[in-house]
Amino acid sequence: MGSLNIDPELQNNSVSCINPLDSEELRRQGHLIIDFIADYYKNVEKQPVRSQVEPGYLSKCLPKSAPNNPEPIEKILQDVHEHIVPGITHWQSPNYFAYFPSSGSVAGIIGEMISTGFNVVGFNWMSSPAATELENIVMDWLGEMLKLPKSFLFSGKGGGVIQGTTCEAILCTLSAARDRILNKIGRENITKLVVYGSDQTHSALQKAAQIAGIDPKNFRAIKTMKSSSFGLSPDSLQLTVESDVEAGLIPLFLCATVGTTGTTAVDPIGPLCDIAKRYGIWVHIDAAYAGSSCICPEFRHFLDGIEDADSFSLNAHKWFFTTLDCCCLWVKNPGALIQSLSTNPEFLRNRASDSKTVVDYKDWQITLSRRFRSMKLWLVLRSYGVTNLRNFLRSHVKMAKLFEELVGEDKRFEVVVPRNFAMVCFRVVPSTLDKEPVNKFNNELLESINKSGKLYMTHAIVEGIFVIRFAIGATLTEERHVVAAWKVVQQHLEANLNMI
Ligand SMILES: *Cc1c(COP(=O)(O)O)cnc(C)c1O
């Protein structure tokens, strides 16, 4: 009767009795997980910072297919501990100095839990009014903390939106700029539009230009120089724009950076905006990493001139204690974003939207569905307050100054570019070495340090110089970690010099 071939799933009816959203089970498992995460933070300092696994390690540890029957959380957590943790690069370790930080906090984690807990999909106001209105409010709060001109805030004629990442923020603003101009001059002219950045601008701009349909020939990465600390020179921009205009092209968009990824260079916003204004260029200010520091009066000058820009973004998930993802974008003219990004299918129609008295964030971003990200930012702002947030950032800058001094005291090293924020770019200088090519030596030094697991740093290459980046900003980093890190660097230098 075929009974030998009964599907195991049909045999085991008990499985289907599980309620996947049982509140008591959530309470029990939730407490376990909080304990697990708290213990993780307690011990994270002991972990090798950069993961030491080899590619493909995980498939050797896990079964070939998903389980047919349920497994208990205790068993799953055991596997997280044994198999996942070794494959984690510990961004939250106090000895993490790579890329830019992803500074976490209790408020950020708890805020994320609340928003995940509600699990709402706030694409328009009606779909969860609190999600939209809280985002309006915290974006104005943060905008005021940064002393952004009122024209960027809802309380002016602008407004803020939380995107996932800077890549999305740039793509959305570039699309807005593109459509604003093409609606005037005709869609067929898209091949004439030109996008500007410097050779230090994040690759996010190039990606955005590719997606937005800008001809790759019309993408300008204007050369910067060490002598001007790798900032974009207004004269170079002027010359480049002029020659494009002469060639019959149409300048569209400039992405200026406050705190470049390579060396935290700052482009002079005011003078660049003056030029952009003359040609009707949309100026976006990318302050993904460094923007948060501008809540401190002593760093606010890096944003001087922003009143003439069109849009501004920073990543609260980098150096502002908010978990990934949380890119804060402000625009002066939300109408331009909406014109470019809105669609209005019947199934989303509702009275609030029709009344045009509410913000429907689906029209300010790429995707329709969106997370309730403002919750975590609200928790961060409230749990610490402006005064503490400023002091956290200042403590990182102070530690970077200390590291810079330590590098300066050792004649075998040099600080390659002046420090602006909490990152120091340094290297072993050529005179220390006999025959070894300098870049290769610094590269090998960096790799030997990272391999040790004691700390993690990454590199940049500027004007052909390989620099080691020491980026402070992990929330748990204290002065003692910075001092210890410097000792590790010196020890590895000595060991590596002995090898050549
Ligand atoms: C990190 C960074 C980016 C990219 O940020 P995502 O949020 O990962 O897209 C862009 N620009 C600068 C200056 C950055 O430091």
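The values are calculated or read from the model by the stated rules, or taken from the named source; none is laboratory data. This is a predicted model, so every value here is computed, not measured. Note that each Cβ is placed from the backbone with ideal geometry, even for glycine, and that neighbours are counted across all protein chains shown.
Can you tell me how many residues in region 244-284 are within 16 Å of the ligand (Cβ to nearest atom) and part of a helix (DSSP H, G or I)?
Result for region 244-284: 2.
Would you point out the residue of region 193-226, among those that are farther than 17 Å from Thr165 by Cα and basic (Lys, Arg), that is farthest from the chain's Cα centre (by Cα)?
Within region 193-226, the match that is farthest from the chain's Cα centre (by Cα) is Lys217.
Condition test on Val266, is it over 15 Å from Pro149 (Cβ atoms) and of a type in the set (A, V, I, L, M, F, W, C)? Before the answer, list the steps.
Working: over 15 Å from Pro149 (Cβ atoms): yes; of a type in the set (A, V, I, L, M, F, W, C): yes.
Spelling it out, Val266 is indeed over 15 Å from Pro149 (Cβ atoms) and of a type in the set (A, V, I, L, M, F, W, C).
Could you give every pair whose Cβ atoms fall below 6 Å, whose first residue belongs to region 83-111 and is closer than 19 Å to Met457 by Cβ, and whose second residue is aromatic (Phe, Trp, Tyr) and within 15 Å of the ligand (Cβ to nearest atom), counting only separations of at least 6 or pairs across chains?
Phe100/Tyr289; Pro101/Trp319; Ser102/Trp91; Ser103/Trp319
Restricted to region 420-441, and to residues that are more than 13 Å from Val407 (Cβ to Cβ) and buried (at least 20 other Cβ atoms within 10 Å of the Cβ), which residue is farthest from the chain's Cα centre (by Cα)?
Taking the candidates together, the pick is Phe441.
Any idea which of (1) modelled with pLDDT of 95 or more; (2) more than 21 Å from the chain's Cα centre (by Cα); (3) surrounded by 15 or more Cβ atoms within 10 Å (Cβ to Cβ); (4) among the β-branched types (Val, Ile, Thr) is the one Ile465 doesn't satisfy?
Exception for Ile465: condition (1).
Let me confirm something: among Val467, Val424, Val417, which residue is assigned to a loop (DSSP other than H, G, I, E, B), touching a strand residue (DSSP E or B) at 6+ places or on another chain (Cβ under 6 Å) and not small (Gly, Ala, Ser)? It would help to see each step written out before you state the result.
Numbers: Val467 fails: assigned to a loop (DSSP other than H, G, I, E, B); Val424 fails: assigned to a loop (DSSP other than H, G, I, E, B).
From the options Val467, Val424, Val417, the qualifying one is Val417.
Return yes when Cys167 is crowded, with 21+ Cβ neighbours inside 10 Å, within 16 Å of the ligand (Cβ to nearest atom) and within 26 Å of Cys326 (Cα to Cα) and no when it is not. Step through it out loud before you land on a result.
Working: crowded, with 21+ Cβ neighbours inside 10 Å: no; within 16 Å of the ligand (Cβ to nearest atom): yes; within 26 Å of Cys326 (Cα to Cα): yes.
The answer is no for Cys167.
Check region 470-483 and report whether any residue there is surrounded by 15 or more Cβ atoms within 10 Å (Cβ to Cβ) and in a helix (DSSP H, G or I).
Residues of region 470-483 that are surrounded by 15 or more Cβ atoms within 10 Å (Cβ to Cβ), as a first pass: 470-477, 481-482.
Still in the list and also in a helix (DSSP H, G or I): 481-482.
Within region 470-483, one or more residues are surrounded by 15 or more Cβ atoms within 10 Å (Cβ to Cβ) and in a helix (DSSP H, G or I).
How many residues does region 107-126 hold that are buried (at least 21 other Cβ atoms within 10 Å of the Cβ) and farther than 18 Å from Ile34 by Cβ?
Adding up the residues that qualify gives 3.
Return the residues of region 170-222 that are in a strand (DSSP E or B) and within 13 Å of the ligand (Cβ to nearest atom); say none if nothing qualifies. Reasoning before the result, please.
Quick first cut of region 170-222, residues in a strand (DSSP E or B) only: 193-198, 219-222.
If the condition is that a residue be in a strand (DSSP E or B) and within 13 Å of the ligand (Cβ to nearest atom), then Gly197, Ser198 are the ones that fit.
When you look at Leu314, is it buried (at least 18 other Cβ atoms within 10 Å of the Cβ), under 22 Å from the mean Cα position of the chain (by Cα) and outside any helix (DSSP H, G or I), yes or no? Spell out the reasoning first.
Details: buried (at least 18 other Cβ atoms within 10 Å of the Cβ): yes; under 22 Å from the mean Cα position of the chain (by Cα): yes; outside any helix (DSSP H, G or I): yes.
Against the criterion (buried (at least 18 other Cβ atoms within 10 Å of the Cβ), under 22 Å from the mean Cα position of the chain (by Cα) and outside any helix (DSSP H, G or I)), Leu314 qualifies.
So, in region 132-164, of the ones that are part of a helix (DSSP H, G or I) and among the aromatic types (Phe, Trp, Tyr), which residue ends up nearest to Asp325 (Cα to Cα)? Before the answer, list the steps.
So in region 132-164, the residues part of a helix (DSSP H, G or I) come out as 132-145, 150-152.
Among the residues that remain, those that are also among the aromatic types (Phe, Trp, Tyr) are: 141, 152.
Details: Trp141: 19, Phe152: 22 Å.
Only one residue tops the list, namely Trp141.
Give region 346-357 a look and list any residue that's within 32 Å of the chain's Cα centre (by Cα) and under 16 Å from Val121 (Cβ atoms), or say none.
If the condition is that a residue be within 32 Å of the chain's Cα centre (by Cα) and under 16 Å from Val121 (Cβ atoms), then Leu348, Ser353 are the ones that fit.
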